[in-house]
Amino acid sequence: MARMKFLCDADRCIDCNACVTACKNENEVPWGINRRRVVTINDGKPGERSVSMACMHCTDAPCAAVCPVNCIFPTEDGVVLHNKDQCIGCGYCFYACPFGAPQYPQVGNFGTRGKMDKCTYCAGGGGPEAPGSAAEFAKYGSNRFGEGKLPLCAEMCSTKSLLAGDGDIIAQIYGERVRKRGYGSGAWGWTTAYHNDVGV
Amino acid sequence: MTFLARFRLATLVLALLAVAVAAPALAQKFGPDGAPNPTASVTSQRELLQQVPRITGRIDIPDTKAGVLIQPAGRTWDYFHQVLLRWGGAIVILGTVALLAIAYLILGRLPISAGRSGQKVVRFKAFERFAHWLTAASFVILGLTGLNITFGKAVLLPLVGPDTFAAISQAAKYVHNFTSFAFVAGLVLILVIFLRDNLLEKVDIDWLKQGGGFIKNRHAPSGRFNFGEKMVFWLSIAAGIAVSASGFLLLFPFYGTDILGMQLAQVVHAVTAILFIALILGHIYIGTVGMEGAFEAMGTGEVDLNWAKEHHDQWLAKKLAGEGRAEPTATPAE
Ligand code: HEM
Ligand code: SF4
Ligand code: SF4
């Protein structure tokens, strides 16, 4: 079974935010929710890099561990899904997530965050809705994965900075790139998310 | 040299030192020919994570917390929540229950040694009892609904199934969040009403010297509250403030706090809550099964004269004098 991962090659990311737009459009994500975002570090200084970040679909996902109602779980492809019917909107997954992935429709005073929303790897929801159904789309967004396709953000990245797919394969692609061009800032978040780094 | 000049010199030396240390790092950003070296100017995420606890940057959306790119501490917080808190909390709470059970087996129910006199004296007025029970009821509700967040998925979820458990937890969350206001109101009332009688006095030392009333044939003198009760009072006030302050931070997420602040607020909240629960378990024990004649003080508000004499002699003497009544032994039962 393939283990799905994301990898952002920060030396290629041009901060165009096309991935963000693609995600919003494909999943019809409501206002205020950003399943994917681009963060620029050292902005305007030497060593500036932009990194596109969403849910990394972690190994031993901390969000799933802390969730008080156990509504987050990994699929056999390593995609971390959740069930909005059971989510109580406690916000704990955001405190545990190393990548700021979980999003909430409301500000959250008095515990009124609403149901957590996050990147689904374009693989629909973890609830009882039938895969690919309109009900699933309304609640979680697209289920491209069920149709054999990869997340749209990575698919339409113009510089192929953002890679999605089997972890071993995208690590290999990235490794080859780094060796060829002679530099690489590393696979952002990999040690934290997957307990391993891309050896180059 | 004046002090100021010396200070300036020291600052200059420090600044020069800092430049000297930073220079090699800067130099590395250029190749031997002086052109920027792409390999060297790379911002290695591995090195960055060694230098800072959280990698942050600029973000296009108006959500400042989204500027945190990677915070490995999330995994540390996960470890606290899933391992330290759950094991620590279970050990502290079950341990307290076990200790109290042992205490009961050894000491039994502490009796009123002189027996009941049949005469009553008012210990807590209705309003004082209202403040106590307001705090107590909201505390129990907060404790149970809070512990559901910590232990519910291990204890309750297997019993009722995931959907029912989610519904219960959703309701429990709102109950927890809004009962907080009743708890804070009760806490403030208790603080105002009982503060004066809980200030430490000389008699508290005597009470301690006499073994706090746990040693037979020794009388431990005390005012309205004995040293043990005063400790419960002050620890409760301290824990109450800590749990409320951290609780309100959790209730208004990311107002003046960042991700670290929220994690710390949860740690403070959970740890204080567990210790607070252990303290109150002890308090409940001594106020109910642990001691004869104690519960009625907060129940009906009146206690037996002999109970008061054994546990709060100085308070009783003042109280009776104020009411113009005589000591219990002098007057037969009315
Ligand atoms: C001013 C009073 C309080 C406020 C505002 C407050 C608020 C909160 C909030 C917002 C949470 C996060 C979960 C949720 O959204 O429900 C929480 C969790 C919790 N609270 Fe409170 N609380 C208060 C008092 C207490 C008291 C008195 C206790 C204990 C007797 C307590 C025990 C707990 C526990 C055990 C948790 C779960 C910790 C965890 O497992 O992460 N709380 N509280
Ligand atoms: S990135 Fe965050 S939300 Fe996604 S699996 Fe990891 S901890 Fe969970
Ligand atoms: S917000 Fe929802 S998904 Fe996140 S930890 Fe709480 S219950 Fe679980």
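Below are the figures for this structure:
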| item | result |
| --- | --- |
| Karplus 3J(HN,Hα) series, Hz, for region A:106-113 with 6.51 cos²θ - 1.76 cosθ + 1.60 (x for Gly, Pro) | 10, 4, x, 4, 6, x, 9, 6 |
| Relative contact order [Cα under 8 Å, 6+ residues apart], region B:121-323, whole percent | 27 percent |
| Peptides ranked, highest mean first, by Cβ atoms within 10 Å: ranges B:119-130, B:220-231, A:89-100 | A:89-100, B:220-231, B:119-130 |
| Sequence-distant residues sharing a close amide H with A:ARG3 (under 5 Å, placed H) | A:GLY167, A:ASP168 |
| Rounded to the nearest 20 debye, dipole of region A:1-73 from Cβ charges on Lys, Arg, Asp, Glu | 80 debye |
| Proximal lysine pairs, region A:4-186, alpha carbons under 12 Å, eight or more residues apart or interchain | 6 |
| Lysine pairs with alpha-carbon atoms under 23 Å apart, region B:121-323, spacing 8 or more or separate chains | 20 |
| Number of partner chain Cβ atoms within 10 Å, mean per residue of A:42-53 | 4 |
| Chain A - percent relative contact order, Cα under 8 Å, separation 6 or more | 28 percent |
| Rounded to the nearest 20 debye, dipole of chain A from Cβ charges on Lys, Arg, Asp, Glu | 420 debye |
| Exercise: per-residue mean of other protein chain Cβ atoms within 10 Å, A:182-189 | 6 |
| Simple Cβ-charge dipole of region B:121-323, Lys/Arg +1 and Asp/Glu -1, about Cα centre, in debye nearest 20 | 160 debye |
| Anisotropy class of the protein assembly as shown from Cα gyration tensor, a/c 1.5 cut | prolate |
| Spin-label pair A:TRP31/B:ASP206, simplified geometry with 7 Å Cα→Cβ offset, distance in nm | 7.2 nm |
| Euclidean distance of C-alpha centroids, region B:229-253 and region B:37-88, integer Å | 30 Å |
| Length-normalised contact order of region A:1-120 in % [C-alpha pairs under 8 Å, at least 6 apart] | 25 percent |
| Three-way shape call for chain B based on the alpha-carbon gyration tensor, with the a/c threshold at 1.5 | prolate |
| Residues in region A:42-72 reached by a label modelled at B:ASP258 [backbone nitrogen below 15 Å; 7 Å Cα→Cβ] | A:42-43 |
| Efficiency of FRET between A:ARG181 and A:ASP77 - r from beta-carbon atoms, R0 41 angstrom, step 0.05 | 0.85 |
| Cysteines, chain A, no other Cys beta-carbon under 4.7 Å | A:CYS8, A:CYS13, A:CYS16, A:CYS23, A:CYS58, A:CYS67, A:CYS71, A:CYS87, A:CYS90, A:CYS97, A:CYS122, A:CYS157 |
| Within 10 Å of each Cβ in B:158-171, the average number of Cβ atoms from other chains | 3 |
| FRET efficiency, A:PHE137 to B:ILE61 (Cβ-Cβ, R0 22 Å, nearest 0.05) | 0.35 |
| Pairwise label distance in nanometres, B:TYR79 with A:GLN172, each label 7 Å out on the Cα-Cβ vector | 3.4 nm |
| Distance (nanometres) between label positions extended 7 Å along Cα→Cβ at B:LEU279 and B:HIS219 | 3.2 nm |
| Anisotropy class of region B:104-168 from Cα gyration tensor, a/c 1.5 cut | oblate |
| Pairwise FRET efficiency - B:PHE181 versus A:GLU147, Cβ, R0 = 41 Å, nearest 0.05 | 0.25 |
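Bear in mind that the values in this text are calculations on the coordinates, not laboratory data. All figures in this text were calculated on a predicted structure; none of them were measured in a lab. Positions of Cβ are backbone-derived with ideal geometry, glycine not excepted, and every protein chain shown enters the neighbour counts.
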